[in-house]
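Report on the following structure.
The values are calculated or read from the model by the stated rules, or taken from the named source; none is laboratory data. As the structure is a prediction and not an experimental result, all values here were calculated from the model. With ideal geometry, Cβ positions are generated from the backbone for all residues, glycine too; neighbour counts draw on all protein chains shown.
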Amino acid sequence: MMVKPLATNRSSSGMSTGKLAVWWLIASEIVIFGGVLASYLMFRLGHPEWGAAASHTNTWAGALNTMVLLTSSLSAVLAHQAAEQGDGKKAARFLYFTVLGALMFLVIKSFEWTHEIGLGFTLQSGGFWSFYYLAAGIHAAHVIAGAIIMIWVAAYAKRNEELQRVEYIGIYWHFVDIVWIFLFPLLYIAK
């Protein structure tokens, strides 16, 4: 039996180094998304005409994606709960449901963007559309990354191995959802 180094089990902060790493990652992501959102707000306040551009976003698609992400967050919580109870197979199933939510989000976003681009709303259509595609695109990249990591974590969880990782990916996934909670009203509702 291989013994893990002590550093992976505890740290000077009183939490596992894995959880600490996730929180450091989220802190760096807050800087990225915070910069994008702060820039967007500053430009939006200076350009009231962006309201007219924002009126062309598909609010129903954005709302549906909000529901999808919130539901996927619930399955991430249930996966964590199952992992806490030592039921890796159940945790893996809930993680797969969360991945399904990520895929649904991306499919909806793909149809939405295809429609908007078809109407001529591209990166070159003005400042609003540049920020819209940038912010939503960065978010979508995080959804893809989260789904890939979740599949990897679920593979271990299914074998009742490394169950603490279910919590770690859950923390990341909730962050991705929270970012969308900020993006949805700014890009879709505030017209």
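Points to keep in mind about this one:
- Any hit, the range 43-59, residues being under 15 Å from Val176 (Cβ atoms) and in a helix (DSSP H, G or I): no
- Pairing each residue of the range 97-121 that is more than 14 Å from Leu64 (Cβ to Cβ) and of a type in the set (Ser, Thr, Tyr) with any residue that is at pLDDT 95 or above and surrounded by 15 or more Cβ atoms within 10 Å (Cβ to Cβ), provided the two are 6+ apart or on different chains, yields C-beta distances under 6 Å for Thr98/Ser72; Thr98/Ser75; Thr98/Ala76; Thr98/Met150.
- For the range 27-61, a residue qualifies if it is aliphatic (A, V, I, L, M) and crowded, with 16+ Cβ neighbours inside 10 Å, and the qualifying residues are Val36, Leu37, Ala53, Ala54, Ala61.
- Filter pass, His115 being assigned to a helix (DSSP H, G or I), at pLDDT 95 or above and either exposed (fewer than 15 other Cβ atoms within 10 Å of the Cβ) or on the phi > 0 side of the Ramachandran plot (or both): yes
- For Val176, the conditions (1) over 17 Å from Phe33 (Cβ atoms); (2) touching a Gly at 6+ places or on another chain (Cβ under 6 Å) are fulfilled apart from (1).
- Any hit, the range 84-91, residues being surrounded by fewer than 21 Cβ atoms within 10 Å (Cβ to Cβ), in a helix (DSSP H, G or I) and within 16 Å of the chain's Cα centre (by Cα): no
- When the residues of the range 5-22 are filtered to those that are assigned to a helix (DSSP H, G or I) and at pLDDT below 75, the one that is surrounded by the most Cβ atoms within 10 Å (Cβ to Cβ) is Thr8.
- Which numbered condition Gln124 fails, given (1) under 15 Å from the mean Cα position of the chain (by Cα); (2) farther than 30 Å from Ile151 by Cβ: (1)
This table checks each residue for (1) assigned to a helix (DSSP H, G or I); (2) surrounded by 15 or more Cβ atoms within 10 Å (Cβ to Cβ).
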residue: Ala136; (1), (2): yes, yes
residue: Val143; (1), (2): yes, yes
residue: Ile148; (1), (2): yes, no
residue: Val153; (1), (2): yes, yes
residue: Glu161; (1), (2): no, no
residue: Val166; (1), (2): yes, yes
residue: Val176; (1), (2): yes, yes
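- One residue stands out in the range 62-80 among those that are within 15 Å of Lys109 (Cα to Cα) and touching a residue at least 12 places away in the same chain (Cβ under 8 Å): the one that is surrounded by the fewest Cβ atoms within 10 Å (Cβ to Cβ), namely Ala63.
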